[in-house]
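Colleague: I am attaching a structure below and will ask some questions about it afterwards.
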Amino acid sequence: MTDKRVLTIQDISCFGQCSLTVALPIISACGIETAVIPSAVLSTHTSGFTGFTCRDLAEDIPKIRDHWKEVGIKFDAVYTGYLGTSEMISDVISIMDELGAEGSKNIVDPAMADEGVLYPAFDMAYVEEMKKLCAKADIILPNITEACMLTGMEYRTEYDEAYIDELLAKLSALGADTVILTGVGYKPGRTGVVVFEDGKKSYYEHHRIDKGCHGTGDVYASTFVGALINGKDAFTAAKIAADYTVRCIELTKGDTEHWYGVKFEKAMPELISAIHAE
């Protein structure tokens, strides 16, 4: 059996438990060889920190792609997170086209917005480029804000199932075979994830933790990738990722000094058990 190999492309915040500093250990812990392309390097993430440094690495991406192409490196999946600039997206698409092995999966977390607004680094021109990347994806994993940005629908904090169904239909029309819509809750104290695949919708609901933690979207997406590449179907992978993310928050919420991320490392034994369960 040939071992699977995943490439993840996103920024690296050297401190702060997000982006590549969670994607690399989580996917690796799932037993998958993981390569990285950093889109930028930051001293810390940008939520709650001031005076952080940031170096854009966009010009390195085509050089890395060309070297890997020359030596014949291929990937069973390409997973993207926070990219940083719209100019980078065309290079990411070319990596998907040129470095994907036969049957490879393109998995896009369109990390650009939350709570009804774009992150400070982005504008609607970036959203338009992100639509092109989503069109190349086999699977996309937006939250509701990102879904609204991608589809042009009005963002709502209160909604019904018909609203979510319309979002799913419009997201699917972008081109991905599978949509994983996160942060969907119909009842107080509850939230969950909707999986829309082959025209069929499945919903996994779990309890909602009021405390928000930075980096949980990255934890979720990385766990989903690790489970999927281990052979889990999309719904099972989405469930494993949701349960693991909740557990990471539970292990962190009582520690007021650990405000910058979640203690995902402490829950890894539980994740590994879930990955290898029948």
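Colleague: Looking only at residues in the range 249-262 that are surrounded by 18 or more Cβ atoms within 10 Å (Cβ to Cβ) and over 16 Å from the mean Cα position of the chain (by Cα), which one is nearest to Gly183 (Cα to Cα)? If you could, list the steps in order and put the result at the bottom.
Modeller: Step one: list which residues in the range 249-262 are surrounded by 18 or more Cβ atoms within 10 Å (Cβ to Cβ), which gives 249, 252, 260-262.
From the residues that got through so far, the ones that are over 16 Å from the mean Cα position of the chain (by Cα) too are 249, 252, 260.
On the way: Ile249: 14, Thr252: 19, Tyr260: 20 Å.
Among those residues, the one meeting the criterion is Ile249.
Colleague: I would also like to ask the following. Report the residue count in the range 169-183 for those that are closer than 16 Å to Arg156 by Cβ, surrounded by fewer than 22 Cβ atoms within 10 Å (Cβ to Cβ) and under 17 Å from the mean Cα position of the chain (by Cα).
Modeller: Qualifying residue count, the range 169-183: 1.
Colleague: A follow-up question, please. Being acidic (Asp, Glu) and more than 24 Å from Asp198 (Cβ to Cβ) is the filter; apply it to the range 141-167 and report the residue that is surrounded by the fewest Cβ atoms within 10 Å (Cβ to Cβ). Even if it seems obvious, please write down each step before you answer.
Modeller: Filtering the range 141-167 for residues acidic (Asp, Glu) gives 146, 154, 158, 160-161, 165-166.
With the extra rule that they be more than 24 Å from Asp198 (Cβ to Cβ), the set shrinks to 154, 158.
Working: Glu154: 9, Glu158: 7.
Across the range 141-167, the extreme among qualifying residues is Glu158.
Colleague: Another question about this same structure. Looking at (1) at pLDDT 95 or above; (2) under 15 Å from the mean Cα position of the chain (by Cα), find the lone condition where Val127 falls short.
Modeller: Failing condition for Val127: (2).
Colleague: Turning to a different aspect of this structure: Filter the range 48-88 for residues that are in contact with a helix residue (DSSP H, G or I) (Cβ under 8 Å, 6 or more places away or on another chain) and assigned to a helix (DSSP H, G or I); which is surrounded by the most Cβ atoms within 10 Å (Cβ to Cβ)?
Modeller: Met88
Colleague: Next question, about the same structure. Report yes if Val219 is under 28 Å from Gly254 (Cα atoms) and in a strand (DSSP E or B), otherwise no.
Modeller: On the way: under 28 Å from Gly254 (Cα atoms): yes; in a strand (DSSP E or B): no.
Spelling it out, it is not the case that Val219 is under 28 Å from Gly254 (Cα atoms) and in a strand (DSSP E or B).
Colleague: Right, another one. Surrounded by 16 or more Cβ atoms within 10 Å (Cβ to Cβ), of a type outside the set (S, T, N, Q) and free of Cβ contacts under 8 Å to residues at least 24 places away in the same chain - does that describe any residue in the range 92-110?
Modeller: No, the range 92-110 contains no residue that is surrounded by 16 or more Cβ atoms within 10 Å (Cβ to Cβ), of a type outside the set (S, T, N, Q) and free of Cβ contacts under 8 Å to residues at least 24 places away in the same chain.
Colleague: Something else: Just give me the residues in the range 183-215 being of a type in the set (Asp, Glu) and not in a loop (DSSP other than H, G, I, E, B), in sequence order. Write out each step before concluding.
Modeller: Taking the range 183-215 as the starting set, the residues that turn out to be of a type in the set (Asp, Glu) are 197-198, 205, 210.
Within the range 183-215, Glu197, Glu205 qualify.
Colleague: Would a scan of the range 245-265 turn up a residue that is over 17 Å from His206 (Cα atoms), part of a helix (DSSP H, G or I) and modelled with pLDDT of 95 or more?
Modeller: yes
Colleague: Could I ask something else about it? Identify the single condition in (1) assigned to a helix (DSSP H, G or I); (2) without any contact (Cβ under 8 Å) to a residue 40 or more places away in the chain; (3) not basic (Lys, Arg) that Val41 does not satisfy, given that it satisfies every other one.
Modeller: All conditions are met except number (1).
Colleague: Here's something else I'd like to know. Working carefully through the options Ala101, Ala173, Ala169, Ala135, find the one that is at pLDDT 95 or above, touching a Lys or Arg at 6+ places or on another chain (Cβ under 8 Å) and of a type outside the set (D, E, K, R). Give the derivation first.
Modeller: Values: Ala173 fails: touching a Lys or Arg at 6+ places or on another chain (Cβ under 8 Å); Ala169 fails: touching a Lys or Arg at 6+ places or on another chain (Cβ under 8 Å); Ala135 fails: touching a Lys or Arg at 6+ places or on another chain (Cβ under 8 Å).
Criteria check complete, one pass: Ala101.
Colleague: Would you confirm, using the coordinates I've provided, whether Phe235 is buried (at least 21 other Cβ atoms within 10 Å of the Cβ) and modelled with pLDDT of 95 or more? Lay out the reasoning, then the answer.
Modeller: Working: buried (at least 21 other Cβ atoms within 10 Å of the Cβ): no; modelled with pLDDT of 95 or more: yes.
So Phe235 does not fit the description; no.
Colleague: Looking only at the range 111-127, filter to residues that are more than 20 Å from Asp56 (Cα to Cα) and in contact (Cβ under 8 Å) with a residue 40 or more places away in the chain; which one of those is surrounded by the fewest Cβ atoms within 10 Å (Cβ to Cβ)?
Modeller: Gly116
Colleague: Mind listing whichever residues of the range 268-278 are at pLDDT 95 or above and either in contact with a Phe, Trp or Tyr (Cβ under 6 Å, 6 or more places away or on another chain) or part of a loop (DSSP other than H, G, I, E, B) (or both)?
Modeller: Selection gives Leu271 alone.
Colleague: Among the residues of the range 1-33, what is the count of those that are crowded, with 24+ Cβ neighbours inside 10 Å and not in a strand (DSSP E or B)?
Modeller: Number satisfying all stated conditions: 9.
Colleague: So in the range 136-165, with the set limited to residues that are among the acidic types (Asp, Glu) and under 24 Å from Asp123 (Cα atoms), which one is farthest from the chain's Cα centre (by Cα)? Outline the logic, then answer.
Modeller: Taking the range 136-165 and keeping what is among the acidic types (Asp, Glu), we get 138, 146, 154, 158, 160-161, 165.
From what's left, under 24 Å from Asp123 (Cα atoms): 146, 154.
Values: Glu146: 12, Glu154: 22 Å.
Among those residues, the one meeting the criterion is Glu154.
Colleague: Further question on the same structure: Within the range 95-119, how many residues turn out to be within 15 Å of Lys131 (Cα to Cα) and out of contact with any strand residue (DSSP E or B) (no Cβ under 9 Å at 6 or more places or on another chain)?
Modeller: Residues flagged as within 15 Å of Lys131 (Cα to Cα) and out of contact with any strand residue (DSSP E or B) (no Cβ under 9 Å at 6 or more places or on another chain) within the range 95-119 amount to 1.
Colleague: So, one more: Looking at the range 184-202, which of its residues are more than 17 Å from Ile139 (Cβ to Cβ) and surrounded by 14 or more Cβ atoms within 10 Å (Cβ to Cβ)?
Modeller: Of the range 184-202, the ones more than 17 Å from Ile139 (Cβ to Cβ) are 185-192.
Selection gives Gly185, Tyr186, Thr191, Gly192.
The values are calculated or read from the model by the stated rules, or taken from the named source; none is laboratory data. Computed from a predicted structure; not experimentally measured. Cβ atoms come from the backbone with ideal geometry, glycine included; neighbour counts cover every protein chain shown.
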